[in-house]
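Below: the structure, in structure tokens.
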Amino acid sequence: MKRILILAVLLLSILYSGDYLSVRYRIPRNRDPFGAVKIQRYYAVKQKDGKTEFIFDQPETQACVHSLFPHFGSRPCWYVNREKLKRIDI
């Protein structure tokens, strides 16, 4: 059991290191390591009569990194793309 845990940690650290190096040194060279995704936020405001009013904010661009894991303070683009529409309940 202990060997499996050590092996899993080792493989995960190798994967993370390879992911970091591919972003840091732009491997492959023809790929931009950073991207941008448009995020649409909207507010769901509960009214006294039980209805909900939706107020849409202006779309904003969020920086992301093309990798499996977050690097350099940016979340991965695959994760940001899953959350393009953000609802804020008020």
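Throughout, read-outs are computed from the coordinates displayed, never taken from laboratory work. Predicted, not measured: the structure shown is a model, and the values here were computed from it. Neighbour counts run over all protein chains shown; Cβ positions are idealised from the backbone, glycine included.
Nearest 5 is fine: what % of DSSP beta bridges in the range 39-89 come out antiparallel, could you say?
55 percent
Quick one: 3J(HN,Hα) in Hz for the range 63-68, Karplus 6.51/-1.76/1.60 with θ = phi - 60°, rounded, Gly and Pro as x.
Running phi through 6.51 cos²θ - 1.76 cosθ + 1.60 with θ = phi - 60° gives 6, 8, 10, 7, 7, 7 Hz.
Tell me, what is the percent relative contact order of the chain, built from C-alpha pairs under 8 Å that lie six or more residues apart?
It rounds to 29 percent for the chain.
How are the C-alpha pair distances of the chain spread across 10 Å bins, as whole percents from the shortest bin up?
Percent of pairs per bin, in order: 15, 29, 23, 18, 11, 4, 0.
Within the chain, what's the longest run with no chymotrypsin sites (Phe, Trp or Tyr not before Pro) in a DSSP loop and at most 16 other beta-carbon atoms within 10 Å? Give the range, please.
My reading of the result: 26-71 is the longest stretch.
Quick one: check the C-alpha center-to-center distance for the range 5-28 versus the range 50-90, whole angstrom.
26 Å
For helix 2-24, report the angle its Cα long axis makes with the longest principal axis of the Cα atoms of the chain; keep it between 0 and 90° and round to the nearest 10°.
Roughly 70 degrees between the two axes.
Counting other beta carbons within 10 Å of each Cβ, put R75, R82 in order, fewest first.
Sorted ascending by nearby Cβ count, the order is R82, R75.
What does the charge add up to near P33, with Lys and Arg as +1, Asp and Glu as -1, over the other residues with Cβ less than 12 Å from its Cβ?
It works out to a net charge of +2.
What value, in deg cm²/dmol to 500, does the helix sum -39500 (n - 2.57) over DSSP H runs of n ≥ 4 give at 222 nm once divided by the residues of the chain?
-10500 deg cm²/dmol
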